[in-house]
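Written below as structure tokens is the structure these notes are about.
The values are calculated or read from the model by the stated rules, or taken from the named source; none is laboratory data. All values derive from a computational prediction rather than experimental measurement. Here the Cβ is made from the backbone with ideal geometry for all residues, glycine too, and neighbour counts use every protein chain on show.
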Amino acid sequence: MTTVRRTLLALAAGVALAAVAWFVVLPRFQSHVFTGTVIQSQTPAPDIALATSTGATASLGDFEDQVVVVYFGYTFCPDVCPTTLSTLKKAVDKLGGASDDLQVVMVSVDPARDTPEMLREYLGFFDPDFLGMTGSEDDIASVATVYGVFFAAEPGTADTGYLVSHTARLMVIDRDGYLKLVMPGDVTVDQLVSDLEYLL
């Protein structure tokens, strides 16, 4: 066999091996397509340290090495909040054991009515592991501002009392404590499961 022929065969074998390696390894490096907006933050997510539905005070730092989903809502919300929390519960159920490393937190935008006891009872209808957070209106406003969340009281009816208009988004904080993803409030269960499963 000539030197040229040996060189060509070696080159062909190398190309074939490279092609096999490419198709085996490529799927591991393909980017996951997230729902919503991916945040490429260089600093950890702003902390949230408030009274919780358990009666204690907690902060985001307490959920080290967990994925945390933060939602701003309130217990008297007539529509979007229960819908969003139901979606989160269905996603948690579909994640199965992986959800052990997931914490859902609802920060109240109605601190005047949402006591820790009220939050515990309300969130318990969806999932007893969902954690509520509340505080003074100034405390909530400070937290909401850094997360780009708007809320304001507005007239309701005699049955509902006042309502609170608020931003309905899900903020997902990754295991390293960085705000990774901002998802729309109308995200589907399957979209949520896909993104959370990837982060978990």
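Structure summary
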item	result
Subset of the range 148-181 [in a strand (DSSP E or B), surrounded by fewer than 20 Cβ atoms within 10 Å (Cβ to Cβ) and β-branched (Val, Ile, Thr)]	THR157
The range 34-59 - residue that is in a loop (DSSP other than H, G, I, E, B) and hydroxyl-bearing (Ser, Thr, Tyr) and, of those, surrounded by the most Cβ atoms within 10 Å (Cβ to Cβ)	SER53
Of the criteria (1) in a helix (DSSP H, G or I); (2) within 18 Å of VAL149 (Cα to Cα); (3) not basic (Lys, Arg), which one GLY97 fails	(2)
Single residue of VAL69, VAL105 found to be aliphatic (A, V, I, L, M), part of a strand (DSSP E or B), in contact with a Ser or Thr (Cβ under 9 Å, 6 or more places away or on another chain) and in the same structural domain as THR167 (by TED's automatic domain parsing)	VAL105
Unique match (being over 19 Å from VAL109 (Cβ atoms) and not hydroxyl-bearing (Ser, Thr, Tyr)) among VAL193, VAL149, VAL164	VAL193
Top-ranked residue in the range 63-94 [being among the charged types (D, E, K, R) and either touching a helix residue (DSSP H, G or I) at 6+ places or on another chain (Cβ under 6 Å) or exposed (fewer than 15 other Cβ atoms within 10 Å of the Cβ) (or both); ranked as nearest to SER165 (Cα to Cα)]	ASP79
Residue within the range 48-58 that is modelled with pLDDT under 90 and at negative phi present	no
Residue list for the range 68-103, restricted to those being in contact with a Gly (Cβ under 7 Å, 6 or more places away or on another chain) and either over 24 Å from ILE48 (Cα atoms) or of a type in the set (A, V, I, L, M, F, W, C) (or both)	PHE76, VAL80, CYS81
Boolean, GLU117 is at pLDDT 95 or above, exposed (fewer than 15 other Cβ atoms within 10 Å of the Cβ), closer than 18 Å to TYR74 by Cβ and of a type in the set (Asp, Glu)	yes
Condition met for LEU192 (buried (at least 17 other Cβ atoms within 10 Å of the Cβ) and at pLDDT 95 or above)	no
TYR122 vs. criteria out of contact with any Leu (no Cβ under 8 Å at 6 or more places or on another chain), farther than 22 Å from ASP190 by Cα and not in a helix (DSSP H, G or I)	no
Cβ-Cβ under 7 Å pairs, at least 6 apart or on other chains, the range 61-77 side over 14 Å from THR134 (Cα atoms), far side surrounded by 23 or more Cβ atoms within 10 Å (Cβ to Cβ) and at pLDDT below 95	VAL67/LEU196
